[in-house]
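*Asks:* If you scroll down you'll find the structure; I have some questions about it.
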Amino acid sequence: FLSILIILIVMRRNLSPLSDLASQAEAIGRAEEHLESVNVETGGEIGALALSFNEMLKRLHEREASLKRTLEDLKEREARISSIVNTTVDGIITIDEESIIESFNQAAEKIFGYTADEVKGKNVSILMPEPHRSGHDRYVETYLASGRSKVLGTSKEVLGRRKNGTMFPIELSLSKAELGNRRIFTGILRDITERKKAEEELQKLYNAVEHSSAVVIITDTQGNIEYVNPKFVQVTGYEKTEVLGEKPRILKSGETLPETYKELWNTITSGVEW
């Protein structure tokens, strides 16, 4: 009986690591997170196998911890990039090679009146007025076939189309990025409606001054002439190139009293019309 008991104890001692190994192998197969090393109390091949398993498990835990840190870093970077993209004043839109919208930031939502969910998965041409809307896919096909583009890497003014159907001017910059075996295109755009209005007003003012029947001279704060209108040229006989950079004193007749000039400068430098 004692011999049998000793044999059973020895067998149990030898078979226990095998049982633990089998249990842990099954746990790995189930992708369980908490894996424990095998308790080794024997030598021989079974003991060596258990030690190898424990070493493999140690490396597995180390790689898992490294992967977890990498994933956390990636999540932090993604959150940072997402924050930047969604707080910029410029609209940012990405599309794939088939012109399907993949991302649409908050500024783009505000500019076009669509939510991101409304446009993701749709052709970017919905943001364009005719005739660009109908010709967009053909243009992309031509680019993919030839690799030549007139707009990539440049900035240009184009018309956009809001959700309500109204057209408006935008400044658009396009770029391309390679992601593995696929390409994506990023458009950075800005609504320039107010800028265009300001330019139109300035053009109106310029036209009014250019065609004014009064002589107009514009100087900087140092009194250097920066602009004269055609009436100035007609009345004085000076060409623009002769007076730009000069001071209005070139028009002095020598017959005006110094007190008059003093009064003039005291008046206009105080912000009042003379």
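The values are calculated or read from the model by the stated rules, or taken from the named source; none is laboratory data. Bear in mind that the values here come from a model prediction, so they are computed numbers and not experimental data. Ideal geometry is used to build each Cβ from the backbone, glycine not excepted, and the neighbour counts take in all protein chains shown. With ligands, DNA and RNA removed, areas are computed over all heavy atoms of the protein, side chains included. Shrake-Rupley method; radii C 1.70, N 1.55, O 1.52, S 1.80 Å.
*Asks:* Cut-off under 22 Å on the C-alpha distance; same-chain residues fewer than 8 positions from residue 58 excluded. Which lysines are left, in chain and number order?
*Replies:* Qualifying lysines at Cα under 22 Å: 68.
*Asks:* Please give me, ordered by residue number, the trypsin sites (Lys or Arg not before Pro) of segment 206-274 that lie in loop per DSSP and have at most 13 other Cβ atoms within 10 Å.
*Replies:* Those that pass, being in a loop and sparsely packed, are 252.
*Asks:* Note down the relative contact order for segment 197-274 as a percent, whole number, built from C-alpha pairs under 8 angstrom at least six residues apart.
*Replies:* Relative contact order, segment 197-274: 19 percent.
*Asks:* What's the lysine pair count for segment 197-274 at a Cα cut-off below 29 Å, pairs eight or more apart or interchain?
*Replies:* Lysine pairs, 8 or more places apart or on different chains, close enough: 13.
*Asks:* Right, here's the next one. Using a Förster distance of 45 angstrom, determine the FRET efficiency expected from the C-beta separation of residue 66 and residue 110, and round it to 0.05.
*Replies:* 0.65
*Asks:* Let me ask another. When only C-alpha pairs under 8 Å and at least 6 residues apart count, what is the relative contact order of segment 65-135, in percent?
*Replies:* Relative contact order of segment 65-135: 21 percent.
*Asks:* If you count only protein heavy atoms and use a 1.4 Å probe, how large is the accessible surface of residue 167, to the nearest 10 Å²?
*Replies:* We get 110 Å² for residue 167.
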